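Bear in mind these aren't lab numbers, they're just calculated from the coordinates by the rules spelled out. Keep in mind that what you see is a predicted model, and the values were worked out from it rather than measured. Here the Cβ positions follow ideal geometry from the backbone for every residue, glycine too, while neighbour counts run over all protein chains shown.
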Amino acid sequence: MADIRVPKLNNNDTGYQLVAWLVDEDEPVKPDQPVAEVETSKAVEELVSGAEGVLRRLLAVGDACAPGEVIARVVEPGAPREEPPARPNAVTEAAAEDPGPVVTAPARELMDQLGIDPARLRELDVKIVKRADVERLAPEQDSADTRQLPVPQQAVARTVSRSHAEIPAAYTVIAVDAGPAKAEVARQTTALGRLLGLPELLIAAVARLHAAHPLCFARLTGEHTVRIEERPHIGVTIDVGKGLNVPVVKDADQLSFAELVEVTTAFRRTAVRGRFRESELSGATIGVTLHNAPDIVHAIPMIFPGQTCALALSGVRPEVVPDGDGFRARDTVNLGLAYDHRVVNGKDAVDFLQDLKAALEHPEELTR
């Protein structure tokens, strides 16, 4: 017999939700065969069998599960069936004998959201407190519409709060002539047969600057120590209306431009389906945030905890600039850099941005 346990999938969540069984009860499974899917606050992960046999489920779809919890077992065909172990939130005989009411997980979650004192549960005069019971204790609401944030946005809220609490960030922005980059994007779109834009050129430029600006990719490990990362793993924001995701272009400096475009194209495709895996969302050493809608002048990005820098790409806009004795029009894009001032100083940030500007204004080097 082999247990199928829920692994620790990220550092943000204390629990997950079982969203699908991929193998029916008592059906045969093989080693490394996916048998279930669990959802974190950011992604859906497959859990695999570690042995050959038949599957015995211990949880139902929709149940909450925690790291280390056994959700199924792989047993020999014909093995006797066992009763599932009691779960912490299950209603057991022992709980029923307790003079206090038993609170279901959904009810406790709503209590936390509404800030209801557990002592008030005795007002309900029920042995098992359900979500509907807690709603009876909720304070009267005014006419405003009160809603719970979606789970992915709750994860964003936790990360943003941690970033602002832990990282003393500074910010610098530089203007870039976007004309050459736009022309190169048009050429590469035709050559590669893929829809791409300035983000791909920016990712390529960032990757090439890893060796020259290692502190921008570093991780603060102590009060006065940093870890210099060997490779640039670039997180890039993607939001197609289903919540924010930040998948990571791994080993970006080892990719050709065509390979990089394949990666970002796959990210957009996955974002539409809304099924990123944790492995695709972890390991970034720097962030690239996209605010490149028309008329967006600049944005201040959040630095993800564990990183030192985050770049923000704004929208392209026309601008009149001096040209000799006269003036000319050009397309301009602002590129902002938020940085952890404990690791990077203002001059370091300016040097990094100037090198990025030079790369984007001579983009043919990025696509070779």
Take the stretch 151-209 and flag every residue that is touching an Asp or Glu at 6+ places or on another chain (Cβ under 7 Å), acidic (Asp, Glu) and farther than 19 Å from Val297 by Cβ. Glu184
Consider Leu335 against the criteria (1) under 18 Å from the mean Cα position of the chain (by Cα); (2) under 18 Å from Arg208 (Cβ atoms); (3) in a strand (DSSP E or B): it satisfies all of them except one. Which criterion is unmet? (1)
Scan the stretch 219-226 and give yes if some residue there is assigned to a helix (DSSP H, G or I) and farther than 22 Å from Val333 by Cα, otherwise no. no
Anything in the stretch 325-368 that is among the aromatic types (Phe, Trp, Tyr) and touching a residue at least 24 places away in the same chain (Cβ under 8 Å)? List them, or say none. Tyr339, Phe352
Within the set of pairs 6+ apart or on separate chains, which have a first residue in the stretch 209-226 that is crowded, with 20+ Cβ neighbours inside 10 Å, a second that is in a strand (DSSP E or B), and C-beta atoms under 7 Å apart? Cys216/Ile286; Cys216/Cys309; Phe217/Ile286; Ala218/Val226; Ala218/Arg227
I'd like to check something: does the stretch 242-257 contain any residue that is aromatic (Phe, Trp, Tyr), over 15 Å from Leu335 (Cβ atoms) and within 22 Å of the chain's Cα centre (by Cα)? no
Checked pairs for the stretch 1-13, first surrounded by fewer than 14 Cβ atoms within 10 Å (Cβ to Cβ), second of a type outside the set (Asp, Glu), C-beta under 6 Å and 6 or more apart or across chains, list as Met1/Arg73; Met1/Val75; Asp3/Val70; Asp3/Arg73; Lys8/Pro67
Whichever residue in the stretch 15-40 is exposed (fewer than 15 other Cβ atoms within 10 Å of the Cβ) and among the acidic types (Asp, Glu) and, among such residues, is farthest from Arg81 (Cα to Cα): Asp32
Look through the stretch 313-332, keep the residues that are of a type outside the set (Val, Ile, Thr) and not in a strand (DSSP E or B), and return whichever of them is farthest from Ala284 (Cα to Cα). Asp325
Could you please let me know if Ala310 is more than 18 Å from Pro152 (Cα to Cα), assigned to a helix (DSSP H, G or I) and not acidic (Asp, Glu)? no
For the condition in contact with a Phe, Trp or Tyr (Cβ under 9 Å, 6 or more places away or on another chain) and surrounded by 15 or more Cβ atoms within 10 Å (Cβ to Cβ), what is the one hit in Phe267, Phe257? Phe267
Answer yes if at least one residue in the stretch 262-276 is polar (S, T, N, Q), under 16 Å from the mean Cα position of the chain (by Cα) and assigned to a strand (DSSP E or B), and no otherwise. no
For the stretch 167-218, how many residues are of a type in the set (Lys, Arg) and closer than 20 Å to Thr237 by Cα? 2
